[in-house]
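Below: one structure, written as structure tokens.
Just so you know, all these numbers are worked out from the coordinates, no wet-lab data involved. Remember, predicted model here, so these are calculated numbers, not experimental data. When we count neighbours, we look across all protein chains shown, and the Cβ atoms used for this are built from the backbone with ideal geometry, even at glycine.
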Amino acid sequence: MSNVLRIDALVPPDHEDMVAEGYIDGECLVIISQEQGFESLDVEFLPRSDGKPWRVKYDLLMELLKKCRERLWELRRIPPEDKKPDVTGS
């Protein structure tokens, strides 16, 4: 395995918010959803297409999860100025 990582960010029809799909060597291993908010990400691990269990190095998996999270952060929705909550307490 060459361990090529790829991250796709999309809004699937069955989700209200963006998800990140994490791929290793062209096969999707994980989907990370922020349906419950960015601070409460859900992680779904997918089976391999050949039915065999995934076997990846710990550091590679952590890198993939981190890149997925970073991509969701980069593409997060930021409310317009007039819709941002008042954090000043006034």
- Item | For TRP54, distant residues with modelled amide H under 5 Å away | ARG48
- Message: Can you give the FRET efficiency to the nearest 0.05 for TRP73 and LYS52, using r as the Cβ-Cβ distance and R₀ = 30 Å?
- Response: 0.40
- Which ³J(HN,Hα) values in Hz, rounded to whole numbers, follow from the phi angles of the stretch 30-45 under the Karplus curve 6.51 cos²θ - 1.76 cosθ + 1.60, where θ = phi - 60° and Gly and Pro get x? 8, 10, 10, 10, 10, 4, 9, x, 5, 7, 9, 5, 9, 10, 10, 8
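Let me make sure I get this right: for the stretch 5-76, a, b and c are the square roots of the gyration tensor eigenvalues over alpha carbons, sorted descending. Under 1.5 in a/c it's rounded, otherwise prolate if a/b > b/c, else oblate. Which is it? Please report the intermediate quantities before stating the final value.
On the way: a/c = 2.00, a/b = 1.51, b/c = 1.32.
Prolate, because a/c is 1.5 or more and a/b exceeds b/c.
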- Item | Estimated inter-spin distance, ASP14 and GLU44, nm [label 7 Å along Cα→Cβ] | 0.5 nm
- Note on the structure: Computed ³J(HN,Hα) along the stretch 5-13: with the Karplus parameters 6.51/-1.76/1.60, θ = phi - 60°, integer Hz and x for glycine or proline, the list is 9, 9, 10, 10, 10, 7, 10, x, x
- Spelling it out for LEU29: with amide H atoms placed in the peptide plane at 1.01 Å from N, the residues 5 or more places away or on another chain with amide H under 5 Å from its amide H are GLY22, TYR23, ILE24
